[in-house]
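Take a look at the structure below.
The values are calculated or read from the model by the stated rules, or taken from the named source; none is laboratory data. Just so we're clear, the structure is a prediction, and the values are computed from it rather than from any experiment. Cβ placement follows ideal geometry from the backbone for every residue including glycine, while neighbour counts extend to all protein chains displayed.
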Amino acid sequence: MRDRFGREIRSLRISITKRCNLNCFYCHNEGQFFDNNRELTPEEIEKIVRVSTKFGVRKIKITGGEPLIRKDIIKIIKRIKNIREIKEIALTTNGTLLKKYFKQLKIAGLDRINVSLDTLNKKKYKMITGGNIENVIEGLKEASKYFYPIKINFLAMKINIEELEDMLNFCKEIGAILQIIEFLLKDKLIKDKYYISLDNVEEKIKKRAKKISYRRKMHNRVRYILENDVEVEFVRPMDNSEFCMHCTRLRLTADGYLKPCLLRNDNLVDILTPLRNGEDLEKYFLECIKRREPYFKK
Ligand code: SAM
């Protein structure tokens, strides 16, 4: 299945809860409002994923809020794993509960884990997230023996960019990939205070790379392998028509709306109401795909 711009649909990013045990000051919260009665059950998630496979979805990314605060997280993974067409299930977590869950997640069939970590400094971590870094580091170290390689999501900001070298060393130590993410925020005051362009950062990494490869199926993403074998990727959606042109992802918000575009909240398609009314869901996927258009065009 392709959208009006010739882009295939391959993956679905599912926010399974809006709730979180951290409070990152920059969090862009997927979706617009939240009604707890609309949090999807494992059965509902399974049904939606089954329908999504008819449109080409083969990869699922579980996110939130914090997905590991859902008590039924293992059930959710198992249900998705049972869907024959799904080839990969990944999860993005803040890592605070990873130590408790990583073995069960592995057994349930989870394939990949991304852990968000913007600093290795205890005080700065507290300032950014309101939480304690110790659990995250412990969880990461243990889980990285079971999930190889773990990806670390490093949100680049003025306040943490000087830690890049330390993050690269940490990735070397635990065998992780470093994913450097561009800061997105509409609030101008916050943006001016924290945003940095990744142009220079990527240029420097490029110069140090012994190998560069392109991942066409992942937003045409570039992967840099450094001299010490650490792998670095960039996620740079802003003003990036390449990112949009190679987007193959649909999103499902924590309150049951299909979301055609990362950067918009004004064209969501309610799928939970029809699901709870026992309606056929295919036409809602078709509507979502019809609404897809590149946010940044050439
Ligand atoms: N709680 C999970 C976690 O921490 O990974 C999943 C949800 S979190 C919203 C998913 C990712 O979104 C994190 O890697 C975080 O860094 C990123 N993110 C949150 N706010 C962002 C912003 N303003 N700009 C860019 N990325 C952001």
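Descriptive notes on the structure:
- If you go through the stretch 1-22 and keep only what is within 16 Å of the ligand (Cβ to nearest atom), more than 12 Å from Thr253 (Cβ to Cβ) and either buried (at least 18 other Cβ atoms within 10 Å of the Cβ) or at pLDDT below 95 (or both), you end up with Ser11, Arg19, Cys20, Leu22.
- Residues of the stretch 123-154 satisfying the condition of being surrounded by 21 or more Cβ atoms within 10 Å (Cβ to Cβ) and within 11 Å of the ligand (Cβ to nearest atom): Ile128, Thr129, Val136, Ile152, Phe154
- On the stretch given as the stretch 166-199, residues that are within 27 Å of Asp239 (Cβ to Cβ) and either in contact with a Lys or Arg (Cβ under 6 Å, 6 or more places away or on another chain) or in a helix (DSSP H, G or I) (or both) total 16.
- Checking Glu44 against (1) in a helix (DSSP H, G or I); (2) farther than 23 Å from Ile181 by Cβ; (3) under 20 Å from the mean Cα position of the chain (by Cα); (4) not basic (Lys, Arg), the condition it does not meet: (3)
- Positions within the stretch 143-153 being part of a strand (DSSP E or B) and within 13 Å of Glu231 (Cβ to Cβ), in sequence order: Lys151, Ile152
- Residue match in the stretch 184-201 (condition: within 20 Å of the chain's Cα centre (by Cα) and more than 14 Å from the ligand (Cβ to nearest atom)): no
- Selection status of Pro274, without any contact (Cβ under 8 Å) to a residue 40 or more places away in the chain, surrounded by 21 or more Cβ atoms within 10 Å (Cβ to Cβ) and over 22 Å from Ser197 (Cβ atoms): no
- Any hit, the stretch 217-233, residues being touching a helix residue (DSSP H, G or I) at 6+ places or on another chain (Cβ under 6 Å), touching a residue at least 40 places away in the same chain (Cβ under 8 Å) and of a type in the set (S, T, N, Q): yes
- Qualifying residue in the stretch 173-192 (condition: polar (S, T, N, Q) and more than 17 Å from Cys24 (Cβ to Cβ)): no
- For first residues located in the stretch 181-195 and without any contact (Cβ under 8 Å) to a residue 60 or more places away in the chain, partners that are surrounded by 12 or more Cβ atoms within 10 Å (Cβ to Cβ) and lie 6+ apart or on another chain with Cβ distances below 6 Å form the pairs Ile181/Asn153; Ile181/Leu155; Ile181/Val235; Glu182/Leu198; Glu182/Arg236; Glu182/Met238; Lys191/Leu185; Tyr195/Phe183.
- For the stretch 218-241, taking the residues that are surrounded by fewer than 16 Cβ atoms within 10 Å (Cβ to Cβ) and within 20 Å of Arg4 (Cβ to Cβ), the one that is modelled with the lowest pLDDT is identified as Asn220.
- Failed item in (1) over 29 Å from Asn82 (Cα atoms); (2) surrounded by fewer than 21 Cβ atoms within 10 Å (Cβ to Cβ), with Lys106 passing the rest: (1)
- Residues satisfying the stated conditions in the stretch 249-271, i.e. within 19 Å of Lys54 (Cα to Cα) and either crowded, with 19+ Cβ neighbours inside 10 Å or of a type in the set (A, V, I, L, M, F, W, C) (or both): Arg249, Leu250, Arg251, Leu252, Gly256, Tyr257, Leu258, Lys259, Pro260, Val269, Ile271
- Looking only at residues of the stretch 67-122 that are assigned to a helix (DSSP H, G or I) and closer than 28 Å to Leu164 by Cβ, we find that the one that is nearest to the ligand (Cβ to nearest atom) is Pro67.
- Residue in the stretch 29-44 that is within 16 Å of the ligand (Cβ to nearest atom), touching a Cys at 6+ places or on another chain (Cβ under 8 Å) and within 23 Å of Lys151 (Cβ to Cβ) present: no
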